[in-house]
1. Cα gyration tensor of the stretch B:391-466, axes a ≥ b ≥ c as square roots of the eigenvalues: rounded (a/c below 1.5), prolate (a/b > b/c) or oblate?
2. Of A:ILE61, A:GLN424, A:ASN466, whose Cα points farthest to the positive end of the dipole of chain A (charges on the beta-carbon: +1 Lys, Arg; -1 Asp, Glu; origin at the Cα centre)?
3. Can you list residues whose amide H is under 5 Å from B:ALA110's amide H, if they're 5+ apart or on another chain and H is modeled 1.01 Å from N?
4. For the residue pair A:MET109 and B:ASP255, what label-to-label distance in nm results when each label sits 7 Å from Cα along the Cα-to-beta-carbon direction?
5. I'd like to know which of B:CYS440, A:LEU217, A:PRO368 lies farthest towards the positive end of the charge dipole of the protein assembly as shown, counting +1 on Cβ of Lys and Arg and -1 on Cβ of Asp and Glu.
6. Which one, B:TYR520, B:LEU353, B:ALA335, is farthest towards the positive end of the dipole of chain B when Lys and Arg carry +1 and Asp and Glu -1 on their Cβ?
7. With a/c under 1.5 counting as rounded, go ahead and sort the stretch A:110-291 into rounded, prolate or oblate using the C-alpha gyration tensor (a ≥ b ≥ c being the square roots of the eigenvalues; past the cut-off, prolate if a/b is larger than b/c, else oblate).
8. Nearest 10 degrees, 0 to 90: what angle lies between the long axis of helix A:423-440 and the longest principal axis of chain A (Cα atoms)?
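Just so it is clear, none of the values below were taken in a lab; they were calculated from the coordinates. Just so it is clear, the model here is predicted, and its values are computed rather than measured. All Cβ positions, even for glycine, are placed from backbone atoms using ideal geometry, and neighbour counts span all protein chains on display.
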There are 2 protein chains.
Amino acid sequence: MVDWKNLDTLKAYDDLKNVKHVDLVSAMTGESGAKRVKNYSVKMAAGLSYNYAAKEVDDNILSALKALADEAQLSDKYAALYNGEVINTGEKRMVLHQLTRGQLGDNVMADGVNKRDFYLNEQKRIAEFANKVHSGEITNAKGEKFTTVVQIGIGGSDLGPRAMYLALENWAHRTGNFKMEAKFISNVDPDDASAVLNSIDVAHSIFILVSKSGTTLETLTNESFVIDALKKAGLDSSKHMIAVTSETSPLAKSDNYLEAFFMDDYIGGRYSSTSGVGGAVLSLAFGPDVFAQFLDGAAEEDKLAANPNMLENPAMLDAMIGVYERNILGYGSTAVLPYSQGLSRFPAHLQQLDMESNGKSVNRFGEPINYVTGPIIFGEPGTNGQHSFYQLLHQGTDIIPLQFIGFKNSQLQNDVNIQDSTSQQKLCANVAAQIVAFACGKKDENLNKNFKGGRPSSIIIGEELNPKSLGALLAHFENKVMFQGFVWNINSFDQEGVQLGKVLAKKVLAHETDGALAEYSKLLNI
Amino acid sequence: MVDWKNLDTLKAYDDLKNVKHVDLVSAMTGESGAKRVKNYSVKMAAGLSYNYAAKEVDDNILSALKALADEAQLSDKYAALYNGEVINTGEKRMVLHQLTRGQLGDNVMADGVNKRDFYLNEQKRIAEFANKVHSGEITNAKGEKFTTVVQIGIGGSDLGPRAMYLALENWAHRTGNFKMEAKFISNVDPDDASAVLNSIDVAHSIFILVSKSGTTLETLTNESFVIDALKKAGLDSSKHMIAVTSETSPLAKSDNYLEAFFMDDYIGGRYSSTSGVGGAVLSLAFGPDVFAQFLDGAAEEDKLAANPNMLENPAMLDAMIGVYERNILGYGSTAVLPYSQGLSRFPAHLQQLDMESNGKSVNRFGEPINYVTGPIIFGEPGTNGQHSFYQLLHQGTDIIPLQFIGFKNSQLQNDVNIQDSTSQQKLCANVAAQIVAFACGKKDENLNKNFKGGRPSSIIIGEELNPKSLGALLAHFENKVMFQGFVWNINSFDQEGVQLGKVLAKKVLAHETDGALAEYSKLLNI
């Protein structure tokens, strides 16, 4: 039986406070630094590894973190989650996104079915549908093949799937797996839908409406944009649209869609990339086999997260180092810096995943807590960031922990040799150089050119960004966020903080406002 | 004569510490809130206004901030800058980006010329060139018109121009000002250049190589990608490329370019959108008249920033409220949240502008300082962000000041009416609702559904995002960052923090490494 306790009630947390801090500059300089890079590394799935040599930890801190992970029963709590306990206490729901890609524990029954079978069956139905679209068995009214797929969704129905699509687009081009271009409409700003619709050939486009509840206002509004555009082109919208939703939603059995694929309440939006929410668009864009490889990578990583030994468990280790940085060292944010153009929107996905999951001020029982929780997450791809905000990361007054990601090979494998190195080598050289520059710094008598160092980072290194490694990467961060939520004793799976804005926006539109809200409404001409 | 002093030596700073804080919840509730929204607003250029009703200030704090702005001589320092003093002390350079769009003060002579004349002349040369491309006087070797323009640059040569292009693309489509599609290549990751080149018709593309020094490694590497692609297509690359650079750079008089347009050392990369760096691509994409309107908006805003009365000077006021939040209230970051899809990359530009300018730990004389400087800047367009990281903004353990931006009208002016409101109305209703939700919160006995409020924000409101309002918006933030740099007594115009990484990356590529750097290089296969 697991025991849900606040972080500041754990003995190991008190012990951790007393462990001597690491001087990162001296730890990472010379032979000691070389040793750390060799030793402070743990294997992930799909050929990835998590290297934490440049984090402010040493064997003493690691063993204190391990003691804390043990006392917080992280491994047991993870098991409770994948065995189907009601982990989402706020909404009284199980948390089952991992069942969309594998089965780690007991059979989980809900809504009268075995949930693993349910998700597998939806994956199979999507695969069959995608294959029929690709083969030309499902076409537009004129019998012509669909060439473009457009996802209509917002938040978790947009950021994850969009980031995953961009992450695999180049790889799919090179490997012959590219089937259809994908576009995304998310914002309620009418310029978003209009611009996407102007950029595509609607007659050869298939649209995926994604809303678990079937009532997301932004998404339904954007759907009507699409229906208008299809009508104007003289097309029957019901022959161009599918839905990804829950079985109980108004979209589930509507004649407005060619087909509906199902997820359920046990999969939060930000954890839904491996469900039909990501599955439909990725299977249409790259084929069901690519989507299946992506799921395999995620499932393998989920398995590694079940290792009770923190030192061999990359997600748990990453999580605990993050807790140390947040609660002991007091750092308030983390920058995600992928040295891979394919991961250009991966930071935006992680921003939602992490900040929406762990940006909480009450514990899982609704009681106030007395320690800080989820940090700010932001980031852009390197080397672009180097020419942008890295100035502050190197010489600003606050310390910002860094999460690098790098791959030995590019995705398109098209390169040029300039000044005796390829672009890919330059890219990798830059990430290696940055880690050491941040950690070790460099003394200069001119303080304006002085680098204090002591700025911690970790790096995830892989061979290539492909479906499997992408799945592993995604699951790693999902599990990291989950473990941190366990440590902080919060519910990482609800999002009550988004409700108030929705309620007030409705009041504005109904002209039921007074005070400041009425004045802002006037200023904005509503 | 201005006196450059550290913030913590100013009497008004000590006084500010003793002014009673504002209880934002009560200030923004009821009649008091309505009054604040009406009164706490200041006019900007191009029909914009800066409303700071939901910031944690009142008349007492504002007058203390005004005293600080006066004692810090912000207005005199701004005058020193636009009159040509050497404000960039680190690199011993004047700071003249404002002369690219107007003249606020004395004639500034440098390099033997009047600098305003020089920038105007470059603007004129770019306009003539763009007109010839549009009219078909300048074509490819077959005499066919160019249809696409590709900017090759990184950092300031990429983020600003890219954000501005995206901000005007839809507007230009609606108003008949769209001339050519623009694309951007920035990252040294070979997948960036390869993917852009795969997506265009190189035979009808004109490329702009942007590098002030003419030696930026990423940019020269990407140039060779482009030259390879042109050669493979049997084309003469020198007939497809222009350069934007300084007169002393190796690119300035090279036969490899159709034409070279000039900027100089007095314009920092992140301040260069109104120089040829933004001018070439924007004039080609939308025509020189659109670029001129953009400059007009910026020039008008610059003029407003010269008002010595902080309460009537939107950039100075915004800057001082930011200093209050950073140094007195201790907030470490700011989220930029434009409710306008056109501004999708504007936060990324501001991230560079602000963090590279003010992420410093020494004053302008190279002496250490004892207070915090530039915050973290991050953001995504609303309403997308609402479904992503707003959970943490509403209910997280840290307070994050917010900068909203909203427009009454959409850019494409194509809309649908759903549930009695248009999408544009929904968009505006959401931003109004969010401001009040963040400021006032809402009590709930279930603490998981409780909103504490007290989360400060300001909003810039405009009629429409168009060239002029975009120019004003850009200049507002440039001037805000400048004023904050003055208050902190730092040099906002150099970026020594980017140097160490470059030096170490070269060592990696030359295999001149040891210790940790050698080990990382091995892991990354360099």
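1. Oblate.
2. Projecting each Cα onto the dipole axis, the largest value belongs to A:GLN424.
3. B:LYS115
4. Label-label distance for A:MET109 and B:ASP255, simple model: 8.3 nm.
5. Going by the Cα projections, it comes out as A:LEU217.
6. Ranked along the dipole, the leading option is B:ALA335.
7. Cα axes put the stretch A:110-291 in the rounded bin.
8. 50 degrees
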